[in-house]
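Below is one structure, written out as structure tokens; the observations come after it.
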Amino acid sequence: LRPSAGSLPPPARPIPPAEPRVQYLGAISSTEDLPSKQSSFGSFILGEEPMRPLAKPINAILAGTRLYICDTVFNTVFVYDLATGEHHALLGDKENGKIRQANNIAVDDTGKFYVADKIREAILVYGPDEQFMAAWGRPGQAQPVAAAIGATEIYVVDIRDHEIEVWDRQSGAYKRTIGRQGSGPGEFISPTYIALDSQGNLYVTDSFNFRVQKLSPEGQHLMTIGSLGRNLGQFAFPKGMDVDDQGRVYVADARFANIQIFDDQGRLLLFFGGPGPNRGNLDLPAGVRVYRWPNIQWLNDRVTSMFTPEYLVVAVSQKGEGYINFYAVGHGPAPQTP
């Protein structure tokens, strides 16, 4: 993981003497930053694969040891393996499965991938082998920019009509709509990202209402996090968002260039990132994903010996030197009292 340019501040937040909770691990901007692949007969004959730099990533997910990265300049999904260093473009991105705008990607419990394509006005479905399976959508009626995969339903963010559409997970058939355009509870203006918690509740980034809304699976408004403002706990341009298995909500703000963490009651716990050239800073952050610590050796090697990681945060910057940023969330040694 190549560190960002600039001076080297402490790799953990908050700043000592407080107990560290977040440690910055590094960033990936191209295949050059991946671990070195083991040589093979094929590479000896054909030569090494060319370096694949990212141009403008918007979202990334981790499935096993592989990162699936949506890039809106190349309009594909790049696959980077954090264990082997192997890399390629999504295998099914061709012919009927050709991606025109890779806005977001999700994976379900069977290993299927779902790419939200705003230009095709569809959710493109690929199997665990990355081969194209289906294109689901309602052209002229919905513009998907993100999706969350439930047990039997898919919750699709429709930025065209400022609402959440619910589709059948097996067939992609439209079932119902949650919300509408507006600023009241359960209403949206330019929703952009969506996540599900362990109870199946929805969390939606309501970008131009400057908030995140929590809704029941049926669409009942349960909680609002944040508002327009410059203070901590407020937003200027919220975008990527995810929720961990303890109900903590992680929200990226593209304008503040930081990530704020809220508890399950919507109270601010911590923020990290921020603009600038130093390690751990962000530049126009978009997608955010949170995982139980994956125990990938390449990441383990970058955790400070005194820090115990519990979660991995993958945060995507659309600009700057470090595009795919990695943070460990956990705990370090308790601060010593004088």
### Message
Modelling each spin label as a point 7 Å along the Cα-to-Cβ direction, I'd like the R180/S216 distance in nm, to one decimal.
### Response
2.0 nm
### Query
What longest range of the chain stays clear of loop-exposed GluC sites (Glu not before Pro) (DSSP non-H/G/I/E/B, at most 15 other C-beta within 10 angstrom)?
49-217
## Note on the structure
Given unit charges at Cβ for Lys, Arg (+) and Asp, Glu (-), the dipole magnitude of the chain about its Cα centre in debye, nearest 20, is 660 debye
### Summary
Cα-based Rg then Dmax for segment 183-338, in Å, read 15.8, 53
### Task
Classify segment 187-229 as rounded, prolate or oblate from the Cα gyration tensor: take a ≥ b ≥ c as the square roots of its eigenvalues, call it rounded if a/c is under 1.5, otherwise prolate when a/b beats b/c and oblate if not.
prolate
### Query
In whole percent, what relative contact order does the chain give with Cα contacts below 8 Å and a gap of six or more residues?
16 percent
### Query
Mean residue ellipticity at 222 nm from the helices of the chain, using -39,500 (n - 2.57) per DSSP H segment of n ≥ 4 over the full residue count, to the nearest 500 deg cm²/dmol?
-500 deg cm²/dmol
### Query
Within the chain, what's the longest stretch lacking trypsin sites (Lys or Arg not before Pro) that sit in DSSP loops with no more than 10 other Cβ atoms inside 10 Å?
1-229
### Query
Rounded, prolate or oblate: which fits the chain, taking a ≥ b ≥ c as square roots of the Cα gyration tensor eigenvalues, rounded meaning a/c under 1.5, else prolate when a/b beats b/c?
oblate
### Local electrostatic count at A257 - Lys and Arg +1, Asp and Glu -1, tallied over other residues with Cβ under 15 Å
+3
### Query
When the accessible area of segment 90-219 is computed with all protein chains present and a 1.4 Å probe, what percentage of it is carbon and sulfur?
46 percent
### Summary
Sequence order, segment 167-174: Karplus ³J(HN,Hα) from phi using 6.51 cos²θ - 1.76 cosθ + 1.60, θ = phi - 60°, Hz rounded, Gly and Pro as x, gives 10, 5, 6, 7, 10, x, 6, 5
### Summary
Quick note, segment 139-249: a/c under 1.5 would make it rounded; otherwise a/b > b/c is prolate and the rest oblate (a ≥ b ≥ c, C-alpha gyration tensor); here it is oblate
### Query
What does the accessible area per residue of the chain come to in Å², with a 1.4 Å probe and no ligands, DNA or RNA counted?
43 Å²
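The values are calculated or read from the model by the stated rules, or taken from the named source; none is laboratory data. Everything quoted here is computed from the prediction, not taken from an experiment. Cβ: placed from backbone, ideal geometry, glycine included. Neighbour counts: every protein chain shown. We work out accessible area using only protein heavy atoms, side chains counted, and drop any ligands, DNA or RNA first. Shrake-Rupley method; radii C 1.70, N 1.55, O 1.52, S 1.80 Å.
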